1. Using unit Cβ charges (K, R positive; D, E negative) and no other charged atoms, how large, in debye to the nearest 20, is the dipole of region 50-95 about its Cα centre?
2. Ignoring ligands, DNA and RNA, what percent of the accessible area of region 3-97 is carbon or sulfur (1.4 Å)?
3. About the Cα centre of region 3-97, what is the dipole size in debye to 20, counting +1 per Lys and Arg Cβ and -1 per Asp and Glu Cβ, all else neutral?
4. Counting only DSSP beta bridges with both residues in region 1-79, what percent are antiparallel, rounded to the nearest 5?
5. I'd like the Kirkwood hydrodynamic radius of region 3-97, using the inverse of the mean 1/r over distinct C-alpha pairs, in Å.
6. Multiply the residue separation of Asp12 and Ile88 by 0.36 nm, subtract the distance between their alpha-carbon atoms, and state the gained length in nm to one decimal.
7. Can you tell me the order of 23-34, 55-66 when each peptide is scored by its average per-residue count of other Cβ atoms within 10 angstrom, highest first?
8. Based on the Cβ-Cβ distance from Glu97 to Asp48, what FRET efficiency comes out when R0 is 30 Å, to the nearest 0.05?
Amino acid sequence: MKDHTATEHATDRTELINAVGLHARPSVKLTQLAKTFACRVEIALSADGPWVDAKSPVKVMRVKAPRGAVLHVRTSGPGAAAAADALIALVRGGFGEETNQPADLRHG
């Protein structure tokens, strides 16, 4: 008999490869995707946290992760594995943005 009280958990991590990291547009894309899942979805720049609610656009934008940063994803609840997989795929796909621009965009 399957234990229905057990909570599904998933964790993963990947590098931000889009040109300017987790800025406004990618933050919104990540948040919109996270909201499609019933489970809890959190992100952090370290496995030790601090963890933020990936369903909150304001909290995600405050992360301000640059290109090259490692983004950690942690999910729990129904569909946790699918949610983690989807978010990791979004990040690895560069949020649908250009990924071949230099990470350092300072003017010289």
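1. It works out to roughly 220 debye.
2. 54
3. 460
4. Around 100 percent of the beta bridges assigned by DSSP in region 1-79 are antiparallel ones.
5. Result for region 3-97, one decimal place: 12.9 Å.
6. Answer, rounded to one decimal: 26.6 nm.
7. Listed from highest to lowest mean packing, they are 23-34, 55-66.
8. Step by step, r from the Cβ atoms, then E = 0.60.
The values are calculated or read from the model by the stated rules, or taken from the named source; none is laboratory data. Keep in mind that what you see is a predicted model, and the values were worked out from it rather than measured. Glycine gets a Cβ as well: all are built from the backbone with ideal geometry, and neighbour counts include every protein chain shown. Quick note on the areas: whole protein, heavy atoms, side chains included, nothing else; ligands and nucleic acids left out. Shrake-Rupley method; radii C 1.70, N 1.55, O 1.52, S 1.80 Å.
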